[in-house]
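Worksheet for the structure shown next.
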Amino acid sequence: MRYRLYNIDLCAGSEDGASLPFIDDAALLTDDGVITYAGPASDAPPHDCREVCIDGRRRLAIPALANAHTHAAMTLLRGVGSDLNLNDWLTTAIFPAEERLSEDRCYAGAALGFLEMLRFGVSACADMYMFMGASARAAADTGMRACLARSVVGDDSGDGGRLAESIKLAEDWHGAENGRIRVMLAPHAEYTSTPKIIRAIRDAAVERGLGVHVHMSETMAEVEGCKARRNGLTPPAYFEAMGLFDAPTLAAHCVALTEDDIRVLAARGVAVCHDPVSNLKLASGVAPVPSLLRAGVKVCLGTDGAASNNTLNLWEETRLMSILHKGVSGDPSAISPAQTFNAATLTGMRAMGYNNVGLLKPGWRADIALIDRSGPHHQPLVDPAADLVYATQGSDVKLTMVDGIVRYDDGQYPGLDALKVYESAREASRAMLE
């Protein structure tokens with residue numbers, strides 16, 4: 001199908017994160033999911049009768065956002081265990097509830113999570129959890145672009161077949177749905193696995209050309225525990241010694257890092273997913289993002305799960321990334337709007353393995369969001385780059401297109417019964433928490 005988005009303004013995104021170009025009075029054309037034109041309306045090809053025309057109403061077209069670390073089905077546990085630290089939250093609130101998870105319940109939670117992200121202009125997510133076949137089906141049904149990983153935990157007795165389940169997931173789904181669905185392998189964390197498990201995941205990932213998604217250095221307690229268990233090694237040093245970074249790696253959180261850790265991550269091309277809201281809510285700390293960026297580490301953005309964040313609205317992370325690090329560092333130029341927007345779009349897409357998504361330019365896949373800037377909080381539009389990062393609310397998103405198909409349109413999900421998804425999730429949540 002061909003689309004023409006007209007009467008729009010355009011921010012195509014930035015390859016280097018140095019600046020954000022804006023074009024007033026622009027047009028966007030797509031054909032079979034691929035962008036064929038993105039630029040001034042005056043230079044656009046003439047109208048083709050086969051096109052579906054969308055009047056943008058002078059909204060701003062941007063690359064759709066990328067949520068590079070989440071647990072979509074944890075929408076079922078939204079708000080459970082509030083006001084606890086990470087360890088207590090996991091052991092007293094989350095793990096007991098997760099014992100009642102099932103394939104059907106995970107499908108219900110994942111479908112709800114994907115609709116929530118689409119509503120906020122997020123077209124892609126890196127989703128790590130259990131029953132990931134259910135998440136794959138939910139992604140296929142909702143049209144979400146999803147990089148899925150079945151988290152692997154285990155001890156000296158083994159991993160309970162979780163790695164085999166992960167490999168089966170890759171065999172069934174990696175590259176499915178026109179490439180929208182990808183699969184990574186996921187050691188949950190250093191403290192929930194053994195060296196044998198880490199080596200097995202490394203070998204399987206390298207052999208199959210898959211990436212790795214892992215929680216790493218989320219708290220100082222985790223780091224100190226790792227050093228006690230692993231002969232003084234921090235989690236990044238331990239994973240480096242195990243060879244895990246031989247596979248393309250997406251590491252979530254990375255709050256408690258040393259300067260040596262940062263050098264390792266930069267040298268090995270590890271992508272770091274910054275999850276500021278979750279890290280603050282769980283009192284885990286603040287990741288050293290300015291230092292990571294200065295070292296050349298690829299930094300992207302994520303919400304974590306709705307249980308530790310309460311929302312999958314990536315615009316909150318986008319605003320907070322810049323503001324938080326200015327306040328912590330005392331440097332108002334610590335992170336620019338362009339760097340933040342790059343983390344929320346192109347860098348996140350690349351960290352998930354989507355190498356032709358994240359910019360609005362010809363030849364790239366058509367993942368697009370339309371932002372309504374008519375409200376008072378966007379006026380008087382003096383600095384559009386600053387407004388995009390500091391002023392935009394999730395409610396400003398009016399349309400989300402994934403792979404050239406409109407998946408969210410001003411309160412509606414074309415082809416989907418959203419109310420049925422909500423009710424299924426409520427029933428699944430009640431069954432888990434009773």
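The values are calculated or read from the model by the stated rules, or taken from the named source; none is laboratory data. Keep in mind the model is a prediction, meaning the values are calculated, not measured. Cβ coordinates were reconstructed from backbone atoms using ideal geometry, including for glycine residues, and neighbour counts include every protein chain displayed.
In the range 198-209, how many are out of contact with any strand residue (DSSP E or B) (no Cβ under 7 Å at 6 or more places or on another chain) and either within 29 Å of G285 (Cα to Cα) or outside any loop (DSSP other than H, G, I, E, B) (or both)?
7
Take the range 379-395 and flag every residue that is outside any loop (DSSP other than H, G, I, E, B) and either more than 16 Å from L10 (Cβ to Cβ) or not assigned by TED's automatic domain parsing to the domain that holds L10 (or both).
A386, V389, Y390, G394, S395
Right, V212: outside any helix (DSSP H, G or I) and closer than 21 Å to A266 by Cβ or not?
When the stated conditions are applied, V212 passes them.
Here are some residues: L118, L163, L101, L90. Which one is out of contact with any Leu (no Cβ under 7 Å at 6 or more places or on another chain), among the hydrophobic types (A, V, I, L, M, F, W, C) and farther than 29 Å from V270 by Cα?
None of the other options fit; the residue is L101.
How about the range 76-135: which of its residues are closer than 25 Å to L250 by Cβ, without any contact (Cβ under 8 Å) to a residue 24 or more places away in the chain and either part of a loop (DSSP other than H, G, I, E, B) or not aromatic (F, W, Y) (or both)?
L90
Looking for something more than 23 Å from the chain's Cα centre (by Cα), under 30 Å from V297 (Cβ atoms) and not assigned by TED's automatic domain parsing to the domain that holds G302 - is there at least one such residue anywhere in the range 52-61?
no
Given the condition in contact (Cβ under 8 Å) with a residue 60 or more places away in the chain, closer than 16 Å to L65 by Cβ and surrounded by fewer than 22 Cβ atoms within 10 Å (Cβ to Cβ), answer yes or no: does some residue in the range 381-390 qualify?
Checking the range 381-390: at least one residue is in contact (Cβ under 8 Å) with a residue 60 or more places away in the chain, closer than 16 Å to L65 by Cβ and surrounded by fewer than 22 Cβ atoms within 10 Å (Cβ to Cβ).
Does A221 meet the test of being under 21 Å from L169 (Cβ atoms) and assigned to a helix (DSSP H, G or I)?
So A221 fails the test.
Return the only residue of H71, H47 being farther than 21 Å from R365 by Cβ and buried (at least 21 other Cβ atoms within 10 Å of the Cβ).
H71
Just to verify a result, which residue in the range 330-363, among those that are part of a loop (DSSP other than H, G, I, E, B) and among the small types (G, A, S), is nearest to Y3 (Cα to Cα)?
G363
Yes or no, residue by residue, for (1) in a strand (DSSP E or B); (2) β-branched (V, I, T); (3) at pLDDT below 95; (4) closer than 18 Å to P187 by Cα:
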residue	(1), (2), (3), (4)
L257	no, no, no, no
D261	no, no, no, no
L265	no, no, no, yes
G285	no, no, no, no
L292	no, no, no, no
G296	no, no, no, no
V299	yes, yes, no, no
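Provide a single number: the residues in the range 138-164 that are surrounded by fewer than 17 Cβ atoms within 10 Å (Cβ to Cβ) and either among the acidic types (D, E) or in a helix (DSSP H, G or I) (or both).
5
Per-residue answers, yes or no, for (1) under 17 Å from N279 (Cα atoms); (2) among the β-branched types (V, I, T):
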| position | (1), (2) |
| --- | --- |
| T192 | no, yes |
| I197 | no, yes |
| I201 | no, yes |
| E207 | no, no |
| V212 | no, yes |
| S217 | yes, no |
| F239 | no, no |
| V255 | yes, yes |
| D260 | no, no |
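Within the range 413-434, can you find the residues that are farther than 18 Å from A307 by Cβ and out of contact with any helix residue (DSSP H, G or I) (no Cβ under 8 Å at 6 or more places or on another chain)?
Residues satisfying the conditions are P414, G415, D417, L419, K420, E423.
Scan the range 243-257 for residues that are surrounded by 23 or more Cβ atoms within 10 Å (Cβ to Cβ) and touching a strand residue (DSSP E or B) at 6+ places or on another chain (Cβ under 8 Å) and jot them down.
Those that are surrounded by 23 or more Cβ atoms within 10 Å (Cβ to Cβ) and touching a strand residue (DSSP E or B) at 6+ places or on another chain (Cβ under 8 Å): L244, T249, L250, A251, A252, H253, C254.
When you scan the range 76-113, how many residues do you find that are within 21 Å of A431 (Cα to Cα) and crowded, with 16+ Cβ neighbours inside 10 Å?
Qualifying residue count, the range 76-113: 21.
Can you work out which of the residues in the range 126-171 that are hydroxyl-bearing (S, T, Y) and closer than 25 Å to D417 by Cα is farthest from the chain's Cα centre (by Cα)?
Checking each candidate, the answer is T142.
So if I check each of A44, A12, A26, which one is under 25 Å from A351 (Cβ atoms), small (G, A, S) and at pLDDT 95 or above?
A12
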